[in-house]
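Below is one structure, written out as structure tokens; comments come after it.
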Amino acid sequence: MNEQMKYPKLFRFLHWITFILIVLLFISGLGMEDYKFDEGNFFRFKRHALMGVSVLFITLIRLAYKYKNKHRFPPEIEYYSPVHEKIVKAIHLLIYIILILAPIVGFVTIYQTGALAYDFGGPFPENAELNPSLINLHKFLVYTLGLLIIMHIGGVFMYKIKTGQSLLKRMI
């Protein structure tokens, strides 16, 4: 495929790194449900949070790069209808919003326990507990993101079936 029809290399790299981190975050997040938030398990929570913050920063870099380099991006796909265009754009927008919100909510969840002082040599707070409302909001965002990613991947395959054009080649 012609390089002009592909996304810029840096953007492709950031896209796939984000995807890999999201898969790792989802797996580690499922495993963390079995762990109590305490000094012994803090490293697991910290590792998860660092990957989440990485996703946040990569997403912000992607958005800035996209804004500054949109002239280097391939032309938009041919949409089947105005409804199809709105659905595709809404899915992309929601993915970006959740890639920003989920790490922020996760960070706030840990921050409110006071455990971050432990990272800087302080004692681990006694009776540190994660706020159940924040945990549920974080889970809601993550599961919604998962659904949107499945819809995104499904849309790429449906586009290939309907048009014979591979959108995947634009991102590889």
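The values are calculated or read from the model by the stated rules, or taken from the named source; none is laboratory data. Computed from a prediction, not measured in an experiment: that's the story for all the values here. All Cβ positions, even for glycine, are placed from backbone atoms using ideal geometry, and neighbour counts span all protein chains on display.
Yes/no matrix, rows are residues, columns are (1) in contact with a Pro (Cβ under 9 Å, 6 or more places away or on another chain); (2) loosely packed, with under 11 Cβ neighbours inside 10 Å; (3) among the aliphatic types (A, V, I, L, M):
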position: Asp38; (1), (2), (3): no, no, no
position: Arg44; (1), (2), (3): no, no, no
position: Ile61; (1), (2), (3): no, no, yes
position: Arg72; (1), (2), (3): yes, no, no
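Applying a threshold of 9 Å to beta carbon distances and a minimum spacing of six or more residues, or different chains, the list of pairs starting in segment 61-84 at a residue that is over 17 Å from Met5 (Cα atoms) and ending at one that is of a type in the set (Val, Ile, Thr) reads Arg62/Thr18; Leu63/Ile100; Tyr80/Thr163.
All conditions in (1) within 23 Å of Lys9 (Cα to Cα); (2) in contact with a His (Cβ under 9 Å, 6 or more places away or on another chain) hold for Thr109, with the sole exception of (1). For Gly155, the conditions (1) more than 20 Å from Gly29 (Cβ to Cβ); (2) at pLDDT below 95 all hold with the exception of (2). Going residue by residue through segment 82-102, is there one that turns out to be in a loop (DSSP other than H, G, I, E, B) and either within 24 Å of Met158 (Cβ to Cβ) or over 13 Å from the mean Cα position of the chain (by Cα) (or both)? Checked against the condition, which is being in a loop (DSSP other than H, G, I, E, B) and either within 24 Å of Met158 (Cβ to Cβ) or over 13 Å from the mean Cα position of the chain (by Cα) (or both), segment 82-102 yields no hits at all.
Being within 17 Å of Leu30 (Cα to Cα) and surrounded by 12 or more Cβ atoms within 10 Å (Cβ to Cβ) holds for only one residue in Lys160, Lys139, and it is Lys139. For the structure I just gave you, tell me whether Leu130 is of a type outside the set (Gly, Ala, Ser) and out of contact with any Phe, Trp or Tyr (no Cβ under 7 Å at 6 or more places or on another chain). No: the conditions fail for Leu130. Can you say whether Ala117 is of a type in the set (A, V, I, L, M, F, W, C), free of Cβ contacts under 8 Å to residues at least 24 places away in the same chain, in a helix (DSSP H, G or I) and closer than 29 Å to Lys6 by Cβ, as far as the supplied structure shows? Answer is no for this residue. The combined condition, being touching a Lys or Arg at 6+ places or on another chain (Cβ under 9 Å), farther than 24 Å from Thr163 by Cα and either small (Gly, Ala, Ser) or buried (at least 16 other Cβ atoms within 10 Å of the Cβ) (or both), is not fulfilled by Leu94.
Just one residue in the set Glu129, Glu85 is among the acidic types (Asp, Glu) and surrounded by 13 or more Cβ atoms within 10 Å (Cβ to Cβ); that residue is Glu85. Here Asn41 fits the description: among the polar types (S, T, N, Q) and either under 30 Å from Leu134 (Cα atoms) or at pLDDT 95 or above (or both). Residues in segment 28-49 that are more than 13 Å from the chain's Cα centre (by Cα) and of a type in the set (A, V, I, L, M): Leu30, Met32. Taken over segment 80-96, residues that are farther than 25 Å from Thr59 by Cα and of a type outside the set (A, V, I, L, M) amount to 3.
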